[in-house]
Amino acid sequence: MNITLTTPAVLFPAISLLLLAYTNRFIALAQIIRNFDKSQDDDNTQLQIENLRKRIQLIKRMQEFGVMSFFLCVVSMLAIYAQYQLAGSWIFASSLVFLLYSLWLSVREIRISVEALDVYLCNFNLQTRKRRWKKSTTSN
């Protein structure tokens with residue numbers, strides 16, 4: 001299969017937007033960490049800190065693999081431009097693998113983010129609220 005010069009170029013906007021989304025996640029997480037209440041020192045706080053550390057590391061790796069994917073797209077375009085079709089195809093395939101791994105890390109980070117919300121919600125007495133909601137729905 002012959003890949004033209006435009007094939008890797010099609011990924012440029014997608015990878016750029018993906019990296020922007022990763023950067024926004026990182027900035028939001030950094031803001032949460034900077035505003036974190038240091039005065040609390042209970043199990044819930046420790047779980048939240050552990051969760052934040054995992055997420056920061058995942059976002060770092062997501063960005064690294066996204067950038068590597070972008071880099072390999074450019075290298076594959078250079079190889080194709082220099083008439084090294086087979087090398088360009090293999091480099092482009094490598095770029096797709098890096099992009100796929102970056103996306104998989106993103107899904108893992110989202111799952112950990114949901115766990116973080118669950119840890120945060122443990123601070124609230126949800127049993128009382130559930131009972132109140134059931135009473136209000138049954139009385140109508």
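Explain nothing, just compute: Karplus ³J(HN,Hα) = 6.51 cos²θ - 1.76 cosθ + 1.60, θ = phi - 60°, for every residue of segment 55-70 in order, whole Hz, x for Gly and Pro.
Running phi through 6.51 cos²θ - 1.76 cosθ + 1.60 with θ = phi - 60° gives 5, 4, 5, 5, 5, 4, 5, 4, 5, 4, 6, x, 5, 4, 4, 4 Hz.
Whole-Hz ³J(HN,Hα) for each residue in segment 9-22, computed from phi via Karplus 6.51 cos²θ - 1.76 cosθ + 1.60 with θ = phi - 60°, x for glycine and proline: what do you get?
Values per residue, Gly and Pro as x: 5, 5, 6, 3, x, 5, 5, 4, 5, 5, 5, 5, 5, 4 Hz.
Whole Å is fine, so just give me how far the alpha carbon centre of segment 84-98 lies from that of segment 49-65.
27 Å
What is the helix-to-structure angle for 85-121, meaning the angle in degrees between its Cα long axis and the longest Cα principal axis of the chain, kept from 0 to 90 and rounded to the nearest 10?
Approximately 0 degrees, to the nearest 10.
Mind ordering 114-121, 7-14 by average Cβ neighbours within 10 Å, highest first?
Most protected by this proxy first, the peptides run 7-14, 114-121.
Placing unit charges on C-beta atoms (Lys and Arg positive, Asp and Glu negative, everything else neutral), compute the dipole magnitude of segment 3-55 about its Cα centre in debye, rounded to 20.
My answer is approximately 280 debye.
Per residue, what accessible area does the chain have, given a 1.4 Å probe and all protein chains present, in Å²?
Normalised by residue count, the accessible surface of the chain is 71 Å².
The values are calculated or read from the model by the stated rules, or taken from the named source; none is laboratory data. If you're wondering where the values come from, they're calculated on a predicted model, not measured in any experiment. Note that each Cβ is placed from the backbone with ideal geometry, even for glycine, and that neighbours are counted across all protein chains shown. The protein model used for the area step is the full one, side chains on, heavy atoms only, and it has no ligands, DNA or RNA in it. Shrake-Rupley method; radii C 1.70, N 1.55, O 1.52, S 1.80 Å.
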